[in-house]
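Enquirer: Please read through the structure below; I'll follow up with questions.
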Amino acid sequence: MNTKRIKYYILTIVILAGISISMNASLRDFALQMSVSEVNDKASEKANKDPKVLKGNVEIDEPEDEEAEEGEEDDGDEVTLITEDEEEDSVDTDEPKVYEEDEIIVTGKDGKEEIIEVPEGLVLDEEADSSDYNRQRYLSEDSTAVMPNVIPMFEQQVYIDRLKRMPTAIEMPWNSVVQKFIDRYSGRLRRSVSVMLGAQNFYMPIFEQALEVYDLPLELKYLPVIESALKPNAVSRVGATGLWQFMVATGKRYSLKVNSMIDERRDPVKASYAAAHYLSDLYQIFGDWALVIAAYNCGPGNIQKAIQRSGGKKDYWEIYPYLPSETRGYVPAFIAANYIMTYYCEHNISPMVATLPEETDTIMLFQNLHFKQVSDVLGIEMDELRALNPQYRRDVVTGYSEPTDLRLPKEYIEKFIEKQDEIFAYDVSDLMKRDVVDVNEGSYAYKPSSSRAYRKKYVRSRHNKLLKKGKRGKHGKWSKGKSSKKKKSSRRSKRKKRRRR
């Protein structure tokens, strides 16, 4: 009986184990089928997004089957196009990776990783781009652009040859650090480069004119690209301001007014001439343009220290290890900016279409004027006045301090002269400082006691206390002066008595 039960139990256990094994196998097969289908769906989506490969100068579709792929002949160096979404996944493992928004990691020949800070002009700031008036009004995307989000990858020699062909007086060599900044401009900063290519129509003529006055290489016009990304109101984390990112002390040294009402570091014209003057002075010190560009970033004092620590070498790439972290990436970023602003077409970067603003002119003012007075009387937008006159911090032209200019569209200059009296008479007293203020002479809610009144009160209270204790001075009064005189007279009488004795 016991043996039958044991056999029965064993049989049921075997049956249950077989059922569980079969169920597990079926579940595993189902999960495998689901994962394979998901992978196939993702692959098909990627293929639909970018099903093309560029070979030489010919664009062809990818082969759909393996036979066509095996039979295809190689026509030249293959350059694969990737989209912006796939950029991070397609980075070569031999190349150093970008870990932070404001720094890059470069691996040297010895395998050591080096952290280089990125200049602030290379850090994305989409909010500043969207709030800039000139960019909103005068720039628009090019609807005819072909493959604007496709990033071509080139061989190293291609970059070297392109840099060699650039007609520049400043040396533009290639190395791995320069390549990292080129990749950054052509990759994650593609839209920013597109905006700057459109904005350069506003600013480059001003930069070139200022550089020509001081007989400087014109490729220096791309310094504001890495300094401020061509944003006239840009302010760095250390307080450098404007297109050329002047500090307060340096700006004042080159005749740029900076106070609570005016900041001429934001003025594109005045700041450009001040920057050209500063670069000319730096070249008189160092005599090498790479050192001049580095000194513009960190100051001539730090460059002199780096030269001393390197044993007196006066080559940027020789003193490279002794420079501050951001300055080590500054000259490579400058070379990359010149490259990308020249070869943007080869990287499928389409410039934004720029509608040039109307011609402008200035008018001199000899009294204070608020932008709202001009805006309400002449019908100009406040944002347009701020964009044309970025140097005025509080929307006030301080003409009383000294004759000051106001920039307006040329068509409004005559209107301003005709309606000048009406403009200055327009009431904006709630926005301006008051010249004269009347004092309210009503009843005082709080009467502070003076020191004299306090002294009188103290003497009276003290006198009353002495009266209560039965102590009175002469004529029933107590005073500090009389008591001191009594003390003095008693001392004199004592001295006379001692002398008599």
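The values are calculated or read from the model by the stated rules, or taken from the named source; none is laboratory data. Nothing here was measured: the structure is a model prediction, and the numbers come from that model. We place every Cβ from the backbone using ideal geometry, glycine too, and count neighbours over all the protein chains shown. Remember, those area values only see protein heavy atoms, side chains included, never the ligands or the DNA or RNA. Shrake-Rupley method; radii C 1.70, N 1.55, O 1.52, S 1.80 Å.
Enquirer: Count, please, the residues in region 188-224 that happen to be among the aliphatic types (A, V, I, L, M), closer than 16 Å to residue 354 by Cβ and open to solvent by less than 30 Å² (accessible area, probe 1.4 Å). Step through it out loud before you land on a result.
Expert: Here is the first cut: in region 188-224, the residues among the aliphatic types (A, V, I, L, M) are 189, 193, 195-197, 199, 204, 206, 210-211, 213, 216, 218, 220, 223.
Now restrict to residues that are closer than 16 Å to residue 354 by Cβ: 193, 195-197, 199, 204, 206.
Pick out the ones that are also open to solvent by less than 30 Å² (accessible area, probe 1.4 Å) and you get 193, 195-197, 199, 204.
So the answer is 6.
Enquirer: Of the residues that sit in region 89-141 and are over 20 Å from residue 198 (Cβ atoms), assigned to a loop (DSSP other than H, G, I, E, B) and open to solvent by 90 Å² or more (accessible area, probe 1.4 Å), which one is modelled with the highest pLDDT?
Expert: This residue is 112.
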